[in-house]
1. Taking region 396-406, which residues are surrounded by 21 or more Cβ atoms within 10 Å (Cβ to Cβ) and over 19 Å from W223 (Cβ atoms)?
2. When region 164-182 is examined, which residues are found to be touching a Gly at 6+ places or on another chain (Cβ under 8 Å) and either more than 20 Å from G140 (Cα to Cα) or not assigned by TED's automatic domain parsing to the domain that holds A146 (or both)?
3. Considering only region 57-72, how many residues are farther than 18 Å from R729 by Cα, hydrophobic (A, V, I, L, M, F, W, C) and either outside any strand (DSSP E or B) or touching a Lys or Arg at 6+ places or on another chain (Cβ under 6 Å) (or both)?
4. Return the residue satisfying two criteria in turn: it lies in region 824-835 and is more than 42 Å from the chain's Cα centre (by Cα) and within 22 Å of T761 (Cα to Cα), and of such residues it is surrounded by the most Cβ atoms within 10 Å (Cβ to Cβ).
5. Here is a list: V705, V684. Which entry is under 16 Å from V854 (Cβ atoms) and out of contact with any Leu (no Cβ under 7 Å at 6 or more places or on another chain)?
6. When you check R644 against the structure, is it surrounded by fewer than 19 Cβ atoms within 10 Å (Cβ to Cβ) and modelled with pLDDT of 95 or more, yes or no?
7. Does region 246-258 include one or more residues that are in a helix (DSSP H, G or I), crowded, with 22+ Cβ neighbours inside 10 Å and either touching a Leu at 6+ places or on another chain (Cβ under 8 Å) or free of Cβ contacts under 8 Å to residues at least 12 places away in the same chain (or both)?
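The values are calculated or read from the model by the stated rules, or taken from the named source; none is laboratory data. It should be emphasised that the depicted structure is a prediction, and the values quoted were computed from it without experimental measurement. Here the Cβ positions follow ideal geometry from the backbone for every residue, glycine too, while neighbour counts run over all protein chains shown.
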Amino acid sequence: MTDAAEPAQPRPAAVPSAAPTPTPPAVPSPVPSASYRLQLQPGFTLRDATAAVPYLAALGVSHLHLSPLLAAVPGSTHGYDTVDHGRIAEQLGGEEALRALAAEAHRHHLRLIADVVPNHMAVPVPEHLNLPLLEVLRDGPDSPYARWFDIDWTAQPGPTDAPGRGRVLLPLLGDRLGAVLDQLAVDGDTLRYHDHALPLRPGTEELPLRELLGRQWYRLAWWRLARTELNYRRFFTVNELIAVRVEEPEVFEATHGVLLRLHREGVLDGFRIDHPDGLADPRGYLERLAAATGGAYTVVEKILTGEERLPADWPCAGTTGYDALRRIDGVLTDHAGAGRLAGAYEAFLADTSPDACADGSPGVSPGVSPAAAPSGEPCADPHPALAAAWRGRADMTGPGGELSAEVERLVRLAVRLGAADPAHADHPPGRLRAALRRLLTGYPAYRPYVRPGEPLPEASAAQLAAALDADGEPVDATDRFVADLATGVLGRGPEQDEFAVRFAQTAAAVAAKGVEDTAFYRWNALLSLNEVGGEPARPGVRPEDFHAWCHDVERHWPHTMTVLSTHDTKRSADARARLAVLAEQPREWAAEAAAWSTAAGRGPGSGPGSGHDADSDWTLWQTLVAAWPLTPERLVTAVLKAAREAKVHTSWTSQDVRFERALADRARAVFGHPGLLPRIEGYVAAIAPYARSNTLSAALLHLTVPGVPDLYQGSEEPLYTLVDPDNRRAVDLGALAVRLTDSATARAGDLAREKLHLTTTALHLRRTRALGAHRPLTATGPAAGHLLAFGRGPDVLTAVTRLPYGLARAGGWRDTELHLPSTGDGWTDELTERHFPSGPVPVGELLAGDRPVVLLTRRGTP
């Protein structure tokens, strides 16, 4: 087809054939007692991690949880933009440094868990950094690497001499092609555009530029065309991350070879799987990984919606823990107060009475259409948070939406499938498109788990049925045709199977981008609820539901991870602990927010153009409370990201410079305002005792509920970070090591020492004994609802304070008692070394000295 020629860059190794996986170790690696997440980057390398091993061993974890290790885009601070699966990133220290880390970790009886990115690779600049992709761009569908990448070659006309073979759309130009032609230059066998260096198809190097462009296996295009014309699957909406077809055995072997070898050699012991919802066959992937590793400890970054359960047939230890985050945060959040705060928020936006939605009612199902919601009625049915989620999903798939290209790929498939079978003919593309948008908008979870050739799981069938009914509109033949294609019930075939798989992958992207990255920035009543896996329409978790969840984890996924803070949380656990106090004082907070807005200049002339419409102000003030003290730069970065993600006044792709400048100026002005700054500081100080209680309660729950706690770097002390990149900054572990030496002398009121002491005490307890079965314990007396207590087997007992502001207003613990299970020698609080007898103990004595938590062990046990 093309002339043979040497490539512009060294060729990658030949694509391996599907070979049998090497024999895995006979004995799987041990289950962690607790892990510690380290964000590796040029500013914190594997050598820095090695230096921190003695501290982390002293802290009490059993495993180090490392962010992605393989070679990524130079300068990457996260590692999810892989460019080469064949080597450990040199900018992190390379394989030699990883082996040195493993050796030092093993010397301290620690093991390593690696973050794996199976879904995508980077489209880097310059492009030769990703050699497999470079070959595809040069050689097109004839490249042996063409099957690595999820490209729809039918969506774009091919080169002028092979129009039926297709090509790849590369939306990287700053303007329309005609406007930037003079910025393109041919340099030997490379086409250059600013820092881009694209390979030329062999034999085309000497052609005139316009003809040369038409002969390539890629089409250079204006970046805005990605929304509607992109023909490769991405990670969500990130054009710079191209999807990899890891479902192909040879691709799995090539992309996982280094990590699997390091596991066989004992360097790596477990794996965290990034974004399994993007994979064509998550279960099949996990089966292949389990076979290759002999069942190594593996967890998946699976976001469970509502009461959704992790598929029982996935061979893994469980999730990365966002389901635990929601329950722990939830049981420490005032349900009714959060409802009243939602009413106050709606009133703040509309200048109406703050009495609506006082009961915090959960509303209706997440897929509900907002059509029935009166626009001015706070917390109407459906709940505004649900309506925001519905609209966020709809925006992703609507005309010009950020995922329009993915919808169009499904439309093309559906058109071909309908035309191929007279029984399903005559569904116009427009109706197919509308039906797809209806299903994707209404789907109440991340994705169905269709596996062609197998019965559809009951949960996925129910979710698809709910999606069809979500907007209350009649269901016609086209809707049912699309739903049947999505469920795979219309038979097998390459395109039938592809549709079912691709619908599931697209649904996951719609959920993530439409809800977490849009709706969670649009409805902002209580920002701590707008978290990964969160349900802001259902604030709070009842203690009995919390215990039921603990029992469920214990029965089905006893070794699942649990988390409170991660590199992806929008606010760290301690920032959310502060915000949870607001749910207990909704009227007081609403009054503060109004006063701060007035002091900052709210009034006539405020609005979108001024950068301080009511919603932006509410978000600004809560962000200040959550992360105080913080620099103006951190605050501005966070509020600008929130505004762009909301996509109401501005967005990443259509920035309103005037609005953004005004918003940034308003945020910076806070720090120089003589009246406002002291009031903000005073409010944060006033809620500090209750935020402290929430922080310590959440930390102890995290460390003692069923599952494997995963600590985020730096979170062993109070950590008040915001959304990335704020939460991915390097942490001074050396300074933490120094402070660990005197954490045992923690004093009430010294929250840093208190949290560090609590953390290391609980971690060492986990390392030295197996925690037994979860047993709920119930206090009696007037403040019983403010104590959450449970045993872990017969020897360990956790008790924490919940809703501390309400407790203080009600007069404290008074005559409330907790019955400690009978033992011969009584109980010892591991945090204070105080002793308590078995039997009824006044909670005021148990938590004397303004202590919000106790960690009790039965005396006389090892």
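1. Within region 396-406, T397 is the sole residue that qualifies.
2. V180
3. 5
4. Start the filter on region 824-835 by keeping residues that are more than 42 Å from the chain's Cα centre (by Cα), which leaves 824-826.
In the following step, the residues that additionally are within 22 Å of T761 (Cα to Cα) were identified as 825-826.
Numbers: D825: 12, G826: 17.
This residue is G826.
5. Numbers: V684 fails: under 16 Å from V854 (Cβ atoms).
That would be V705, the only listed residue that is under 16 Å from V854 (Cβ atoms) and out of contact with any Leu (no Cβ under 7 Å at 6 or more places or on another chain).
6. Values: surrounded by fewer than 19 Cβ atoms within 10 Å (Cβ to Cβ): no; modelled with pLDDT of 95 or more: yes.
When the stated conditions are applied, R644 does not pass them.
7. Looking for residues that are in a helix (DSSP H, G or I), crowded, with 22+ Cβ neighbours inside 10 Å and either touching a Leu at 6+ places or on another chain (Cβ under 8 Å) or free of Cβ contacts under 8 Å to residues at least 12 places away in the same chain (or both), one finds at least one in region 246-258, hence yes.
So that you can scan it fast, the table gives a plain yes or no per residue for (1) within 16 Å of R858 (Cβ to Cβ); (2) touching a residue at least 60 places away in the same chain (Cβ under 8 Å); (3) in contact with a strand residue (DSSP E or B) (Cβ under 9 Å, 6 or more places away or on another chain):
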site: P776; (1), (2), (3): no, yes, yes
site: A784; (1), (2), (3): no, no, yes
site: T798; (1), (2), (3): yes, yes, yes
site: T801; (1), (2), (3): no, yes, yes
